[in-house]
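Asker: Sharing a structure with you now.
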């Protein structure tokens, strides 16, 4: 017994609590793919995604554990590793660092990175006097090509509002308590401009290779809610 596209969509939409309206054979042709079917989808993308995931798992087409692993890889390895390579290269090549701060979009293209979510990238540098924090107060604008999937907390209403109102308090909750003499600057990402924090190179990392430096850089440090530390400091 084969599962038709109509069957699958009907099941998905039923699971989402939606009403399926199938087009009749005599209806005006629609260019929506094979069979010309047209369904009324739930308006919430998250609801549609969850319903589709549930059906695919139930039918044995997708393994939930494998899906969770894939999301984890994109969230913590593939995306952030791209950004980490940009940061590490800026640490070891001062000319590149200056180009990165001058025109982030052009500089990341030198390393082969870019894309729709990083077309207008501004890089802001942490120093011993200034700490930068990135937020998107309207939604969850984020440089996916460099940082991978945005963390859940980045998209939460609490972070989006409190990062602007009480940035030091938010940083403290992440375990980062800054001295009073360090200025905290908050950058609000938009659909037009994304921000990336260039963290400070940790003290004692002068003899590390670029590859070793890449391994130290985290997604959170490039958002600004943490600092980059040496491996032994992170374990302490």
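Since every read-out is calculated from the coordinates, none of them should be taken as a lab result. Model, not experiment: these values are computed from the prediction. Because the Cβ atoms are built from the backbone with ideal geometry, glycine has one as well, and the counts that use them run over all protein chains shown.
Asker: Rank these for me by crowding, 54, 161, 189, going from fewest to most other beta carbons within 10 Å. Numbers along the way, then the final one.
Answerer: Values: 54 16, 161 13, 189 21.
Going from sparsest to densest Cβ surroundings: 161, 54, 189.
Asker: For labels at residue 96 and residue 64 in the simple 7 Å Cα→Cβ model, what's the distance in nm?
Answerer: Between residue 96 and residue 64, the label points sit 4.3 nm apart.
Asker: Something else: Can you give the extra length, in nm with one decimal, that the chain gains between residue 181 and residue 110 once fully stretched, where that is 0.36 nm per residue apart less the Cα-Cα distance?
Answerer: Numbers: separation 71, 0.36 × 71 = 25.56 nm, distance 3.57 nm.
Working it through step by step, the gained length comes to 22.0 nm.
Asker: Can I ask one more? Full extension from residue 47 to residue 81: what is 0.36 nm times the residue separation minus their Cα-Cα distance, to one decimal in nm? Please report the intermediate quantities before stating the final value.
Answerer: Values: separation 34, 0.36 × 34 = 12.24 nm, distance 2.99 nm.
Gain on extension, residue 47 to residue 81, equals 9.3 nm.
Asker: May I ask you to sort 217, 122 by Cβ crowding, counting other Cβ atoms within 10 Å and putting the fewest first? List each step's numbers first, then the result.
Answerer: On the way: 217 23, 122 16.
Final ranking by Cβ density, sparse to dense: 122, 217.
Asker: If we count other beta carbons within 10 Å of each Cβ, what is the order of 50, 207, 172, fewest first?
Answerer: The most exposed by this proxy come first: 207, 172, 50.
Asker: Okay, moving on. Using a Förster distance of 45 Å, how high is the FRET efficiency between residue 129 and residue 71, based on the Cβ-Cβ distance and rounded to 0.05?
Answerer: 0.75
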